[in-house]
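The values are calculated or read from the model by the stated rules, or taken from the named source; none is laboratory data. Just so it is clear, the model here is predicted, and its values are computed rather than measured. Counting neighbours? That spans all protein chains shown, and the Cβs are built from the backbone with ideal geometry, glycine included.
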Amino acid sequence: MKSAIGLIFLIVSGFIQAQATFHEEDLNNIAKAEKDAYSGKLCPVAAETTTNYDVKWYRCRWNIDPAVKEISGNITTLFTPEKQKLDSLVFDLSQALTVDSVIYHLQPVSWNHASNQITIRFPSSIPQNTADSVTVYYHGVPPENGFNSFVQSTHNGIPVIWTLSEPYGSSDWWPCKNGLTDKADSLDIYISAPTAYSAASNGVLVSVSSAGENSVYHWKHRYPIATYLVCLAVTNYAKYSHQVPFGGKNLDVVNYIYPEDSATVSTQTGVIVPMIQLFDTLFGVYPFQNEKYGHAQFGWGGGMEHQTMTFVTSFGFELLAHELAHQWFGNMVTCGSWSDIWLNEGFGTYLSGLCYEHLAPIYWKRFREVRVKGIVSKPGGSVFCTDTTSVDRIFDSRLSYAKGAMILHQLRWIMGDSAFFAGLNNYLHDVNLAYGFARTVNLKSHLESASGQDLTWYFDNWFTGEGFPSYNINWTQTGDSVTFTVGQTQSHPSVTFFRMPIPVQFKNATRDTIIRVLHTFSGQSFTAAIPFTVDSVIFDPDYQLISGNNTIGAVTEQLVKYNLKIFPNPANDEITVSFSLDNPAIVSVNLFNISGELALNLSQESCSAGDYKNSFSISQLAGIYLLNVNFGGVDYFKKLIIEPTPKSQKNQ
């Protein structure tokens, strides 16, 4: 698959590579902007009380003047009762907005607006699975919940209004069914605004009609859509399009840009064309091919992947790729719980990496290196989001984004390209998931089917487990045979061992080779035929894996004669180190923590030939450490578990 893709993009990649840039801070900026944008809108408890009906269609009629922070209009909802007959219906709507009336079968019905919900009572029960509709008329000023779901601002002195609803902000500005259990099958959106302005939204622009001093923009969307992905933006946009020739027809990419920026931005957005073609090739046709893709400029940092119309502030390579990726992973298939947010953000991050791989390959290795170094900067943390009440945790750039992306890359490394991409395609196009919601177990199942492997161990270690491995390799060469022993420690006790196929590079000034071996236990030894004299060894030179604080030591015959012993292990207050020297040497003994930082300098002394034995106090430490003994430049590393000193001993 990779070679075919390479042929497709051989011509364009040189041009794109000249345009593309890679900045280490890009991902952190994307995650920070998304975290900040959502932090005012996260409910401490994401209770979904409106689960007894299925939304089929919304017709949204909105009156918007971007010079005034206000909204008015009406929402008609087509629905069917799901589990039983329905006597009443509940919509989510902020108390800051005023409900004017509720119309059912052309007649007003009773309703109650309390606790940010509207409860509508019907004159008679609606039978199960019977389609019906109701219209809510409302108006008001959406609340300022931290960073807002409905923003009125200016650009270059011109007023603008935009929305940003993830995760639960939709009900700040319109009556709807919030949550991750139901997608509306389709939308019709009518936005009335003064004629000086344009309105951007989901789907296809069907018409623009006059209504006195206003213009009415009718946007039609005929794909299932999660509530938080419904959007609008209104200002004096300059508009232009790109055409993506792929899949037997052209796809329109419409761009709604602030006029003062359009000349510059129009030179940047063209990169989206080969990105769409790449994702089409890897993951199937663009999920909303019958409509459009688009960008609307807005005033918040970062971007938001509204379905078919991404809102962005700037137009950098990685941001455009990340938000486009969400049209497949996040919009076509949406995470079914915020605890599985990595199914949106980890994929968005990894697919931006695939754009570097295929369109700007000089940055591909650097992309992985920066992600790995960020992940191992702290010892703990799982990709599974353990606290969905915390925006900092949901949108953690190290865990949900970078580690989510790299556990995908490791799966690709384990499974191979063919099975990996087949598994992702089967996941996206599963009839039970496509245009719906998914959990991590659904992804795991498809990857297992495609690879023929049981991946429970992998998801236990890398999805719910925390931390990362550190590898210690000692090696020796005899003739054309290299023997190397691989030790491993773990940065967090939730994982006792990371079983992984690992790459080790052997090289000298003119030749090199990479050996891949399956590492199944710490201290495992391997032998490989290397037909040249090795002078250095590098673990994982291309950053295929998540690991940190790795060490390499050349094993000589003399090291075997050291007869090094370290005891007890585990220890709690003292350890003893003993060894034998045939010749005098400067020997240092140090303890490093799991982040690779020096925790304790135990000794450094010039030792005479003969036997050596010394004891060291370690009572001030507890946890997992690496004991390092350096014999005149030759390193030996040993995992040391230090248990807390019992209180009874401390008090003696």
(request) Counting only residues that are of a type in the set (Val, Ile, Thr), buried (at least 18 other Cβ atoms within 10 Å of the Cβ) and at pLDDT below 95, give me the strands (runs of 3 or more DSSP E) lying completely in the range 481-566 with at least 2 of them. (result) 481-490
(request) Scan the range 357-368 and give yes if some residue there is part of a helix (DSSP H, G or I), in the same structural domain as Ile189 (by TED's automatic domain parsing) and crowded, with 23+ Cβ neighbours inside 10 Å, otherwise no. (result) no
(request) Quick one: Gly303 ticks every box in (1) modelled with pLDDT of 95 or more; (2) crowded, with 24+ Cβ neighbours inside 10 Å except a single one, so which number is it? (result) (1)
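Residue-wise test of (1) of a type in the set (A, V, I, L, M); (2) in contact with a His (Cβ under 6 Å, 6 or more places away or on another chain); (3) more than 30 Å from Val383 (Cβ to Cβ).
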{"residue": "Ser481", "(1), (2), (3)": "no, no, yes"}
{"residue": "Val486", "(1), (2), (3)": "yes, yes, no"}
{"residue": "Phe497", "(1), (2), (3)": "no, no, no"}
{"residue": "Asn508", "(1), (2), (3)": "no, no, yes"}
{"residue": "Arg511", "(1), (2), (3)": "no, no, yes"}
{"residue": "Ile530", "(1), (2), (3)": "yes, no, yes"}
{"residue": "Asp540", "(1), (2), (3)": "no, no, no"}
{"residue": "Tyr562", "(1), (2), (3)": "no, no, yes"}
{"residue": "Asn583", "(1), (2), (3)": "no, no, yes"}
(request) Return yes or no: is Lys378 more than 24 Å from Tyr223 (Cα to Cα) and in a loop (DSSP other than H, G, I, E, B)? (result) yes
(message) Criterion first (within 28 Å of Asn461 (Cα to Cα) and in the same structural domain as Asn630 (by TED's automatic domain parsing)) does Asn572 satisfy it?
(response) yes
(request) Report yes if Ser215 is in contact with a strand residue (DSSP E or B) (Cβ under 6 Å, 6 or more places away or on another chain) and buried (at least 20 other Cβ atoms within 10 Å of the Cβ), otherwise no. (result) no
(message) If I go through the range 580-589 residue by residue, how many of them are surrounded by fewer than 18 Cβ atoms within 10 Å (Cβ to Cβ) and assigned to a strand (DSSP E or B)?
(response) 3
(message) Of everything in the range 222-249, what is buried (at least 24 other Cβ atoms within 10 Å of the Cβ) and of a type outside the set (A, V, I, L, M, F, W, C)? Give them in sequence order.
(response) Thr227, Tyr228, Thr235
(request) Filter the range 314-332 down to the residues that are touching a strand residue (DSSP E or B) at 6+ places or on another chain (Cβ under 9 Å) and free of Cβ contacts under 8 Å to residues at least 40 places away in the same chain, then identify the one that is farthest from Asp182 (Cα to Cα). (result) Ser314
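In the set Phe367, Phe384, Phe347, Phe395, which member is at pLDDT below 95 and closer than 26 Å to Thr334 by Cβ?
Step by step, each of Phe367, Phe384, Phe347, Phe395 is checked, and only Phe395 is at pLDDT below 95 and closer than 26 Å to Thr334 by Cβ.
Have a look at Gly404, Gly452, Gly436 and point out the one that is at positive phi and outside the structural domain of Ile546 (by TED's automatic domain parsing).
Result of the check over Gly404, Gly452, Gly436: Gly452.
Results for (1) touching an Asp or Glu at 6+ places or on another chain (Cβ under 8 Å); (2) of a type in the set (A, V, I, L, M, F, W, C); (3) closer than 28 Å to Ala509 by Cα, shown as yes or no for each residue.
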position	(1), (2), (3)
Asp542	no, no, yes
Tyr562	no, no, no
Ile575	no, yes, no
Glu597	no, no, no
(request) Give the residue, chosen from Ser418, Ser445, that is under 24 Å from Ile276 (Cβ atoms), surrounded by fewer than 18 Cβ atoms within 10 Å (Cβ to Cβ) and of a type in the set (S, T, N, Q). (result) Ser418
(message) Considering only residues that are at pLDDT 90 or above and assigned to a strand (DSSP E or B), which ones fall in the range 613-641?
(response) Lys613, Asn614, Ser615, Phe616, Ser617
(request) Output the number of the condition that Tyr293 fails; it satisfies all remaining conditions of (1) surrounded by fewer than 21 Cβ atoms within 10 Å (Cβ to Cβ); (2) touching a residue at least 12 places away in the same chain (Cβ under 8 Å). (result) (1)
(request) May I ask you to list pairs of residues, at least six apart or on different chains, whose Cβ atoms are under 6 Å apart, with the first in the range 117-134 being surrounded by fewer than 18 Cβ atoms within 10 Å (Cβ to Cβ) and the second being small (Gly, Ala, Ser)? (result) Thr119/Ser88; Arg121/Ser88; Arg121/Ser110
(message) Quick check on the range 175-195. Is at least one of its residues in a loop (DSSP other than H, G, I, E, B), exposed (fewer than 15 other Cβ atoms within 10 Å of the Cβ) and on the phi > 0 side of the Ramachandran plot?
(response) no
(request) Take Val333 and decide whether it is within 12 Å of the chain's Cα centre (by Cα) and more than 17 Å from Ala20 (Cα to Cα). (result) no
(message) Residue under question is Asn426, and the condition is that it be at negative phi, in a helix (DSSP H, G or I) and surrounded by fewer than 18 Cβ atoms within 10 Å (Cβ to Cβ); does it hold?
(response) yes
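Is it the case, given these coordinates, that Thr489 is touching a Ser or Thr at 6+ places or on another chain (Cβ under 7 Å), among the β-branched types (Val, Ile, Thr) and outside the structural domain of Gly374 (by TED's automatic domain parsing)?
Working: touching a Ser or Thr at 6+ places or on another chain (Cβ under 7 Å): yes; among the β-branched types (Val, Ile, Thr): yes; outside the structural domain of Gly374 (by TED's automatic domain parsing): yes.
Considered against the rule, which asks whether it is touching a Ser or Thr at 6+ places or on another chain (Cβ under 7 Å), among the β-branched types (Val, Ile, Thr) and outside the structural domain of Gly374 (by TED's automatic domain parsing), Thr489 comes out as yes.
So that you can scan it fast, the table gives a plain yes or no per residue for (1) touching a residue at least 40 places away in the same chain (Cβ under 8 Å); (2) of a type outside the set (Gly, Ala, Ser); (3) not assigned by TED's automatic domain parsing to the domain that holds Phe498:
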{"site": "Tyr543", "(1), (2), (3)": "yes, yes, no"}
{"site": "Phe579", "(1), (2), (3)": "yes, yes, yes"}
{"site": "Ala585", "(1), (2), (3)": "yes, no, yes"}
{"site": "Ala599", "(1), (2), (3)": "no, no, yes"}
{"site": "Ser603", "(1), (2), (3)": "no, no, yes"}
{"site": "Tyr612", "(1), (2), (3)": "no, yes, yes"}
{"site": "Leu621", "(1), (2), (3)": "no, yes, yes"}
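In the range 164-174, which residues are outside any loop (DSSP other than H, G, I, E, B) and of a type outside the set (Ser, Thr, Tyr)?
The one that is outside any loop (DSSP other than H, G, I, E, B) and of a type outside the set (Ser, Thr, Tyr): Asp172.
Within the range 213-252, how many residues turn out to be of a type in the set (Gly, Ala, Ser), at pLDDT below 95 and out of contact with any helix residue (DSSP H, G or I) (no Cβ under 7 Å at 6 or more places or on another chain)?
1
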